[in-house]
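The values are calculated or read from the model by the stated rules, or taken from the named source; none is laboratory data. The model shown is predicted, which means the values in this text are computed figures rather than measured ones. Reconstructed Cβ throughout: ideal geometry from the backbone, glycine too, with neighbour counts over all protein chains shown.
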Amino acid sequence: MSRRRLSCRQAHTPGLALLCLVWGVLVLLGCGRGEAPGSRGDWKGRTLRIGTDATYPPFESVKDGELVGFDIELGALIAEELGAKVAWTNTSFDGVFPALMAGKFDLVISAVTITPERQQRLGFSAPYYTAGQLVVAREADTAVTGIESLRGKTAGIQINTSASLVLEKFPDIEVRQYPSIDLALQDLRNGNLAGAVGDGPTLRYFLAHGFQGLRAAGGMLTEEHYGIAMRPDDPALREAVNAALQRLRDSGKFAALEERYFGEAAQKAQATPQAVPWGKVTWRLAQGLGLTLGLTVLALISGLPLGLAVALGRRVRFRPLAWLCAAYVEGLRGTPLLVQIIFIYYALPQLLGVDLAPMLAAVLALTLNSAAYVAEIFRAGIASVDAGQEEAARALGMGRAQVMRYVILPQAVRNVLPPLTNEGIALLKDSSLVSIIGMAELTRAGQELASQLAAPLAVWPLVALFYLLATLPLTRLASALEKRLHRQG
Amino acid sequence: MALVEVRNLHKRFGALEVLKGVDLTVQPGEVVVFVGPSGCGKSTLLRCLCGLEVPSEGQVVVGGTQVSDEPKALQALHRRVGMVFQRFHLFPHLSALENVTLAPRKVLGLSDAEAETLGRRMLAMVQLDSRADAYPGQLSGGQQQRVAIARALAMKPELMLFDEPTSALDPELVGEVLEVMRELAREGMTMCVVTHEMGFAADVAHRVVFMDAGKVVEEGPPQQVLREPQHPRTREFLARLLNR
Ligand SMILES: Nc1ncnc2c1ncn2[C@@H]1O[C@H](COP(=O)(O)OP(=O)(O)OP(=O)(O)O)[C@@H](O)[C@H]1O
Ligand SMILES: [Mg+2]
């Protein structure tokens with residue numbers, strides 16, 4: 001899909017550059033390796049696994065907990081043609097191609113624009129949809145009639161999307177980049193932009209569904225083709241998909257699907273913005289919060305003892321073990337959590353030949369990461385205990401382990417409660433990064449709702465509130481514990 | 001046979017030589033008081049006697065065991081020598097009774113009941129049986145130091161070391177700690193005490209050792225060293241101490 005990242009070379013943040021690095025490794029490892037289920041060409045009775053990022057209506061979004069949209073129905077039709085069952089994975093767009101390469105699914109149907117860069121890495125079906133870039137402006141701002149009239153003004157786009165290719169040709173238009181296009185539209189409505197540039201079909205959907213006061217300015221600027229992406233080493237699957245697409249066109253089923261989503265009746269039906277269904281939104285966010293809390297608690301339960309063990313490991317007399325523990329801490333603190341998650345979920349299974357469920361990979365990554373921070377917290381806590389304590393204990397004849405267990409640690413634990421609480425809160429918020437491997441935790445749930453309802457202003461404050469509700473008890477608990485321990489001292 | 005035998009003890013911290021050849025013998029039941037200017041190495045000598053520091057050169061033999069850096073031997077030595085620190089170093093997360101019983105339980109393997117009986121007896125000895133459940137933070141300095149003494153005594157040491165046990169105390173609390181130490185001496189405990197309390201030295205010590213710059217300068221019975229010091233450094237030091 002053209003709003004999304006075009007190629008690694010255009011990735012701006014270090015995290016994304018690293019993501020591409022991992023992706024590169026995966027391509028090297030993944031190509032020509034592992035079972036290629038499609039190579040037999042016969043999918044009867046088997047399950048076709050498809051990945052998508054359901055934050056992009058009308059192609060794919062989540063409604064009442066179900067995947068809906070043009071691409072979703074298309075995937076179902078293709079599976080039907082092949083006689084296969086279909087299993088969807090909803091994951092963030094950053095993660096969808098690494099997962100494809102790692103063999104987590106067979107196809108990506110996610111409004112993916114066919115670009116030369118992507119063709120170097122991925123296999124594509126024949127194009128199934130023609131889209132293009134569109135300019136959007138405020139209704140009241142009649143001066144904006146198309147891309148030319150944005151010269152000397154400011155336009156918003158989604159970061160790293162093909163809109164930037166269009167705007168490269170207009171150096172006198174100032175470009176402001178947003179993490180998602182609905183945020184650019186919001187800023188346009190707030191009067192901070194003269195226009196926004198993005199994918200036509202999706203912009204039209206947003207205009208119809210929640211962003212009143214905005215209008216399309218001029219026609220499509222470009223022509224782009226969406227294709228179904230697959231691993232490049234699977235020509236049999238590609239032929240099967242192309243044949244299925246052709247049969248769908250021949251039978252008229254494809255035309256009927258197009259009509260339902262993009263025909264005149266559909267455009268009219270879309271034109272009535274809906275009220276935000278607060279009950280459903282709250283329920284979806286609560287589910288996301290449940291997952292966020294579950295992940296955080298599991299990661300803390302296993303990260304605390306692991307971190308403590310690593311902190312103690314750094315003090316052992318056997319130097320190689322101490323070095324190993326130090327290297328562990330530095331390694332995990334020195335790399336972004338996002339990269340660790342990607343590595344564990346996508347690269348590790350390739351290297352070790354095991355398959356990790358997303359939940360397991362997410363908990364593992366969060367555990368290993370927080371253990372490194374917990375280890376440092378414990379190390380500082382142990383160092384903060386007066387040296388006289390250890391001497392007094394040793395002078396009583398206690399061994400090193402006894403000194404640590406009965407004298408140093410009980411005091412260290414008391415010292416580290418505040419920083420451990422902070423770590424817990426940080427972990428709770430950082431857990432949003434596991435959305436990249438398809439975990440629908442709170443932030444991801446918010447993303448899905450904001451795009452589906454075209455109502456970022458309604459959804460994000462609620463998401464923030466939910467995070468606050470989750471962190472407040474944590475701080476309370478810690479200060480209560482602190483007080484209790486203090487009374488003893 | 002002597003309980004403590006120190007021969008030609010040198011202790012260096014990097015380039016700094018703190019003890020420069022100390023010889024010392026302590027007989028069982030003897031009370032030896034160490035005096036000397038700040039930084040002359042008194043604490044370091046005591047720490048060598050209980051195995052918290054290992055000699056750089058020379059020998060320290062306590063009750064027939066030589067101090068070396070072998071962990072098991074060191075731990076055995078710790079068990080037989082009690083140490084009382086200037087700043088108490090009680091375990092703040094444990095009650096007075098738990099402070100006293102921790103090592104007997106974990107090191108000697110006493111049962112909880114046995115350890116408690118022992119602990120209460122030790123606390124009674126320092127007149128603190130009524131404060132058994134108090135935490136160190138709830139006790140005065142003098143009370144804390146008495147608990148620290150009880151804690152060391154609970155391990156039934158053959159030798160007790162005191163490193164300026166009253167220096168961190170308010171003047172009105174010094175007496176109660178010295179009283180406990182006097183009582184210990186009366187019972188025949190072998191003690192090495194670093195202190196500036198000259199009254200205590202005169203009354204209780206069998207011998208006073210004057211140290212300066214890492215060496216023993218002069219030693220003898222208290223009357224002799226305190227009243228008629230032979231060495232000019234000793235005289236100078238005592239004059240300054242009395243004029244304070
Ligand atoms: N662990 C150590 N590392 C380096 N230097 C040390 C160490 N312990 C003691 N010293 C130094 O050794 C010297 C003697 O210290 P020591 O504590 O034995 O003196 P002291 O006679 O007890 O003095 P005070 O009356 O002030 O307690 C001092 O200069 C001190 O700084
Ligand atoms: Mg000293």
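Among the residues of the stretch B:196-205, is any within 15 Å of the chain's Cα centre (by Cα), within 16 Å of ligand 1 (Cβ to nearest atom) and modelled with pLDDT of 95 or more?
No, the stretch B:196-205 contains no residue that is within 15 Å of the chain's Cα centre (by Cα), within 16 Å of ligand 1 (Cβ to nearest atom) and modelled with pLDDT of 95 or more.
With the condition being within 14 Å of A:Leu203 (Cα to Cα), touching a Gly at 6+ places or on another chain (Cβ under 6 Å) and aliphatic (A, V, I, L, M), I'd like the strands (runs of 3 or more DSSP E) fully within the stretch A:111-186 carrying at least 2 qualifying residues.
A:133-138
Against the condition of a type in the set (Phe, Trp, Tyr), free of Cβ contacts under 8 Å to residues at least 24 places away in the same chain and not in a loop (DSSP other than H, G, I, E, B), how does A:Tyr467 come out, does it pass?
no
Within the stretch A:381-400, which residues are over 17 Å from B:Glu53 (Cβ atoms), buried (at least 18 other Cβ atoms within 10 Å of the Cβ), more than 8 Å from chain B (Cβ to nearest Cβ) and without any contact (Cβ under 8 Å) to a residue 40 or more places away in the chain?
If the condition is that a residue be over 17 Å from B:Glu53 (Cβ atoms), buried (at least 18 other Cβ atoms within 10 Å of the Cβ), more than 8 Å from chain B (Cβ to nearest Cβ) and without any contact (Cβ under 8 Å) to a residue 40 or more places away in the chain, then A:Gly381, A:Val385 are the ones that fit.
Considering only residues that are more than 8 Å from chain A (Cβ to nearest Cβ) and either basic (Lys, Arg) or in a loop (DSSP other than H, G, I, E, B) (or both), which ones fall in the stretch B:77-87?
Hits for the stretch B:77-87 are B:Arg80, B:Gln86.
Give the residues of the stretch A:59-78 that are assigned to a strand (DSSP E or B) and in contact (Cβ under 8 Å) with a residue 24 or more places away in the chain, sorted by residue number.
A:Glu60, A:Ser61, A:Val62, A:Lys63
For residues that are modelled with pLDDT of 90 or more and of a type in the set (Gly, Ala, Ser), scanning just the stretch B:214-244, find the one that is nearest to B:Leu16 (Cα to Cα).
Among those residues, the one meeting the criterion is B:Gly214.
In the stretch B:160-179, how many residues are more than 16 Å from ligand 1 (Cβ to nearest atom) and away from chain A (no Cβ under 12 Å)?
10
Filtering the stretch A:406-421 down to residues that are under 20 Å from A:Gly388 (Cβ atoms) and hydrophobic (A, V, I, L, M, F, W, C), which residue is nearest to the other protein chains (Cβ to nearest Cβ)?
Here the residue is A:Val407.
Since B:Thr101 meets every condition but one in (1) within 16 Å of ligand 2 (Cβ to nearest atom); (2) crowded, with 20+ Cβ neighbours inside 10 Å; (3) not acidic (Asp, Glu), which condition does it not meet?
(1)
If I ask for residues that are more than 8 Å from chain A (Cβ to nearest Cβ) and β-branched (Val, Ile, Thr), which ones from the stretch B:91-108 would you list?
Once the filter is applied, which keeps residues that are more than 8 Å from chain A (Cβ to nearest Cβ) and β-branched (Val, Ile, Thr), the stretch B:91-108 yields B:Val100, B:Thr101.
How many residues does the stretch B:220-244 hold that are crowded, with 17+ Cβ neighbours inside 10 Å and either acidic (Asp, Glu) or away from ligand 2 (no atom under 16 Å from the Cβ) (or both)?
So the answer is 7.
I'm checking my understanding of the structure. Among residues of the stretch A:287-344 that are touching a Ser or Thr at 6+ places or on another chain (Cβ under 6 Å) and hydrophobic (A, V, I, L, M, F, W, C), which one is surrounded by the fewest Cβ atoms within 10 Å (Cβ to Cβ)?
A:Leu295
What number of residues within the stretch B:33-66 are within 14 Å of another protein chain (Cβ to nearest Cβ) and within 14 Å of ligand 2 (Cβ to nearest atom)?
Number of matching residues: 9.
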